[in-house]
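Have a look at the structure below before the remarks.
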Amino acid sequence: MSSDSAGEFAIETLGLTKRFKRHGAAVVDGLDLRVPRGSVYGFIGLNGAGKSTTIRMLMGLLRPTSGGCQLGSVDPHREPVLARRGVGYVPDRITAYAWMRVSKLVGFCAAMQPRWDSAAVGQMLQRARIDPAQRVGKLSKGTAAKLSLILALGHDPEILILDEPTDGLDPIARDEFLEHVIGSVCDRGRTVMMSSHSLADVQKMADVIGLIHEGKMLLQARTEELLAGTKRIRAVLDDVSLSTAASAARPSALVWSRIEGRQWTLTVRGSTGESVEQVRALGAKSIEVQDMTLDDIFRDVVRGHAAGHLETHRREAIACS
Amino acid sequence: MFMMLIRKDFHLQLPVLIASGLLFIAPTIIYLIIDAAISTPTTEQEPLILALSAMTMIGVLIASLTIPAFVGVAAARERRERSAEFLEAMPVRRLTIVTSRAVVALVCSLMPAIVGTFAMATLMWVESGISKGSESGTLFPNDAGQLFLVGFATVLAAAGVAWFVGSLIRSEVLAAALGIGVPIAVAMATSIAMSRMSDEVIYRLGIYRDGPEAYAFAQLAIAIPCLIAGTIIALRRTSP
């Protein structure tokens, strides 16, 4: 890993790979991930794509089979204690001691973290309306998630890593949680890496998106560039007989394509105008170009990868970041 | 930091500590209940102390069965509950975490031994007073020291197996069960091996057929590798 990149990226992985003996295949396969300093990075992917495994390797909780990673300028596997001093970690569900009272747990964390800010934690607990006398195991899921976030922020970390933190939360609890995260980012300008299945949340919050699929990074791009550059083209073919030619067509920026009767739907990224011309040249009419949400893009990129449309496009997308 | 970890580890051991305490006092309570029910209360202090000391010794032996549970809890419980992940995401060295667990398990395991030593001392003291002038001899065999060695080696083997298994799997119950089962199996295997060995082999090994040395050696041969391997795994584990 290049040392000159340490200033630009808060989190960086190079060829990060993890194989579990029982699985055989790599769960994370040569992952190159770059999280710019001060950004919110949305780490998305299907269940089992390798998000949590990647995050656990970043936290030094799992040792990579090959490749490496850095948090700031620190390798979490060589200097785990130093790396964890600068990172706040929120797992998918609170893993702290359920039998402890909130106040005891806060005291416990304070003893473990040299840079613990008790006053700030007290304020955050008050703002989140968390009773310090309550047992951790008795907290509602939303409150436990907020507590987990507060504990992760207690030592004022440079980097905040959230592993599906809003999973299973109701919409109100989720909004409250995300407000806390946004508040923390705005207050401190820290780097946030957040994996989530809620793509609407990621679209709202993330500056950069990384899409992992089957352990590989399919797409890594700035959110606004991704949303602005990825379009859905809906076209109607003149004749059903043209569908064979259309399905074989590979417009230069194709992500995914589907033909149903005379209806041809394509998702393209990059040169939309060029793609529209190519579609028109194949005898399509009523061509309509639509904006897409992150949710739509995610689905089409994954489908496109499965259909083999994406391979050449992937490198370009990664280069975009 | 270390004291906070120690307090946390003691709290994790509380259920086993309570179970151990109950097992320890159970024989004494049962004895007192039976004594009160079937006979008139004795006015002689010495036989009562003797009986209570003996019951305490039995209590200690039963409570010793919880030693693998202490060790199993120390090694596996936090990983089963996933709180190990919480702890290891903090800037704490794994050596500190493992040392705290080991110290607490050791202290908890030593409790029956300390109580047992006091009970044994009391028993010996009272028994020596009673047997003065008597020709019935002492309750304690001459090779009590050797028996103590076997007992110590067996307890160490139980703790070692529980530590090793607990560092591999996330079930403290299974770790404790194997901690009890494996030393028993080792003792039985040693007994069978000793009975089948020819006198010549026994002589060459420099042991007695009915002596405790082979049993102690067999248990130590299990205990030491298990303790070392368990510690290495706990320190070098790739996931909490």
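We did not get these values from a lab; they are worked out from the coordinates using the rules stated. The shown structure was predicted, so the numbers you read here are calculated from the model rather than taken from an experiment. Because the Cβ atoms are built from the backbone with ideal geometry, glycine has one as well, and the counts that use them run over all protein chains shown.
So the values come out like this:
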quantity	calculated
Rounded to the nearest 20 debye, dipole of chain B from Cβ charges on Lys, Arg, Asp, Glu	1300
Shielding by other protein chains, B:73-85, mean Cβ within 10 Å	2
Residue among A:119, A:49, A:200 with the largest mean-square fluctuation in a Gaussian network model of chain A, springs linking Cα atoms under 10 Å	A:119
Protection proxy ranking of A:293-306, B:21-34 - average other beta-carbon atoms within 10 Å, highest first	A:293-306, B:21-34
Rough spin-label spacing in nm, given labels placed 7 Å along Cα→Cβ, for residue A:234 and residue A:295	1.6
Ordering of B:74-84, B:184-194 by burial proxy (mean other Cβ atoms within 10 Å per residue, highest first)	B:74-84, B:184-194
Whole-Å distance, taken between Cα centres, linking the range A:146-161 and the range A:172-230	17
Which listed pairs, of A:18/A:204; A:141/B:8; A:21/A:231; A:18/A:138, have C-alpha distances above 29 Å, in listed order	A:18/A:204; A:21/A:231; A:18/A:138
Mean shadow area of chain A over all directions, Cα convex hull, nm²	18.0
Extended-chain gain in nm, criterion 0.36 nm per residue less alpha-carbon gap, residue A:287 and residue A:120	54.5 nm
Computed label-point distance, nm, for sites residue B:201 and residue B:170 using a 7 Å Cα→Cβ extension	4.4
Separation in nanometres of the label points that stand 7 Å from Cα toward Cβ, at residue A:141 and residue B:185	4.2
Mean separation of Cα contacts under 8 Å (6+ apart) over length of chain B, as relative contact order %	26
Pair-distance profile P(r), taking every C-alpha pair of chain B, with 5 angstrom steps and integer %	1, 6, 12, 14, 14, 13, 12, 10, 8, 5, 3, 1, 0, 0
Descending principal axes extents, the range A:129-223, alpha-carbon based, whole Å	46, 27, 22
Antiparallel bridges, percent of DSSP beta bridges restricted to the protein assembly as shown (to nearest 5)	70
Share, in percent, of DSSP beta bridges within chain A that are antiparallel, nearest 5	70
Tail beyond 46 Å, pair distance distribution of the protein assembly as shown (Cα, percent)	37
Residue mean of other protein chain beta carbons inside 10 Å, A:73-85	2
Pairwise centroid distance, computed over Cα atoms, of the range B:60-83 with the range A:23-96, Å	32
Cα point-scatterer Debye curve for the range A:1-143, base-10 log of I(q)/I(0) at q = 0.13, 0.15, 0.21 Å⁻¹	-0.72, -0.91, -1.26
For B:89-99, mean number of other protein chain Cβ atoms within 10 Å	5
Proxy reagent accessibility, fewest Cβ within 10 Å first, across A:90, B:150, B:103	B:103, B:150, A:90
Where the Cα pairs of the range B:73-120 fall when distances are cut into 10 Å bins, in %	23, 41, 21, 12, 2
FRET efficiency, residue A:20 to residue A:200 (Cβ-Cβ, R0 22 Å, nearest 0.05)	0.10
At R0 = 25 Å, FRET efficiency that the Cβ-Cβ distance of residue B:32 and residue B:62 yields, to 0.05	0.95
Footprinting exposure proxy for A:202, A:268 (fewest neighbouring C-beta atoms within 10 Å first)	A:202, A:268
Relative contact order (%) - the range B:153-201, alpha-carbon pairs under 8 angstrom, separation at least six	33
Least to most buried among B:226, A:109 (fewest other Cβ within 10 Å first)	A:109, B:226
